[in-house]
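Colleague: Below is the structure I would like to discuss, written out as structure tokens.
The values are calculated or read from the model by the stated rules, or taken from the named source; none is laboratory data. Values in this document were obtained by computation on a predicted structure and should not be read as measured data. Cβ coordinates were reconstructed from backbone atoms using ideal geometry, including for glycine residues, and neighbour counts include every protein chain displayed.
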Amino acid sequence: MTTPMPKASDIFAALAGQWSLMRDLGEVGQFVGDVTFQALDPDKPNVLRYREEGFLTRPDGQRFDGYREYDFVLHEDLGAIELLFRDPLSFGNRYVLLQFGEDATDGLCARDIHPCGDDFYHHCMIWNGPGHFETKINITGPKKDYLLHSVYLGH
């Protein structure tokens, strides 16, 4: 008997709460921190605020603190989760629209591409099940060429 494929709404519901984050930035270093997915507006149950906070450690040992925020928006009609920017320059604009359905080696995958100037962010979210997901963002273009691999573990 096979387990039914989770819907975007199932994945969205499972995101709420606290997560640990480990991100490999290649030659730039590693980011380790904590993530919270939190509903902030009872009138918008389809929106979760994503906030990551932690430390970037560079290969030379320098350490910097940092954070990032997005809004994750469930679109049940599309069977998708949309990520919206929260930074001042792009506030409210779409980063990616993730529609799950593609099988990955260890889970369910959703992909989208975000253009940023002449560079492209090839975003892949791999849902390994409640309590574990990953993102692989391959950034390509004339200014950037690297992979961000993030592992999220639920508490």
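Colleague: Would you be able to tell me the number of residues in segment 44-56 that are under 28 Å from G26 (Cβ atoms) and out of contact with any Phe, Trp or Tyr (no Cβ under 8 Å at 6 or more places or on another chain)?
Modeller: Number of matching residues: 0.
Colleague: Does G92 fit the bill of being within 17 Å of the chain's Cα centre (by Cα) and at pLDDT below 95? Even if it seems obvious, please write down each step before you answer.
Modeller: Working: within 17 Å of the chain's Cα centre (by Cα): yes; at pLDDT below 95: yes.
Here the answer is yes, as G92 does meet what is asked.
Colleague: Looking for something more than 25 Å from D145 (Cα to Cα) and among the hydroxyl-bearing types (S, T, Y) - is there at least one such residue anywhere in segment 4-13?
Modeller: Applying the first criterion (more than 25 Å from D145 (Cα to Cα)) to segment 4-13 yields 4-13.
Applying the additional criterion that residues be among the hydroxyl-bearing types (S, T, Y) yields 9.
Yes, there is a match, as at least one residue in segment 4-13 is more than 25 Å from D145 (Cα to Cα) and among the hydroxyl-bearing types (S, T, Y).
Matching residues to (1) touching a helix residue (DSSP H, G or I) at 6+ places or on another chain (Cβ under 7 Å); (2) surrounded by fewer than 13 Cβ atoms within 10 Å (Cβ to Cβ); (3) at pLDDT 95 or above; (4) assigned to a strand (DSSP E or B):
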{"site": "K44", "(1), (2), (3), (4)": "no, yes, no, no"}
{"site": "Y50", "(1), (2), (3), (4)": "no, no, yes, yes"}
{"site": "E53", "(1), (2), (3), (4)": "no, no, yes, yes"}
{"site": "Y67", "(1), (2), (3), (4)": "no, yes, yes, yes"}
{"site": "Y70", "(1), (2), (3), (4)": "no, no, yes, yes"}
{"site": "V73", "(1), (2), (3), (4)": "no, no, yes, yes"}
{"site": "L83", "(1), (2), (3), (4)": "no, no, yes, yes"}
{"site": "P88", "(1), (2), (3), (4)": "no, yes, no, no"}
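Colleague: Kindly list the number of the only condition in (1) within 19 Å of M125 (Cβ to Cβ); (2) among the aliphatic types (A, V, I, L, M); (3) in contact with a strand residue (DSSP E or B) (Cβ under 6 Å, 6 or more places away or on another chain) that fails for L78.
Modeller: Tallying (1) within 19 Å of M125 (Cβ to Cβ); (2) among the aliphatic types (A, V, I, L, M); (3) in contact with a strand residue (DSSP E or B) (Cβ under 6 Å, 6 or more places away or on another chain), L78 fails exactly one: (3).
Colleague: Take the conditions outside any loop (DSSP other than H, G, I, E, B) and either touching a residue at least 12 places away in the same chain (Cβ under 8 Å) or touching a helix residue (DSSP H, G or I) at 6+ places or on another chain (Cβ under 6 Å) (or both) and apply them to D112. Does it pass?
Modeller: On the way: outside any loop (DSSP other than H, G, I, E, B): yes; either touching a residue at least 12 places away in the same chain (Cβ under 8 Å) or touching a helix residue (DSSP H, G or I) at 6+ places or on another chain (Cβ under 6 Å) (or both): yes.
Taking the combined requirement at face value, the residue satisfies it.
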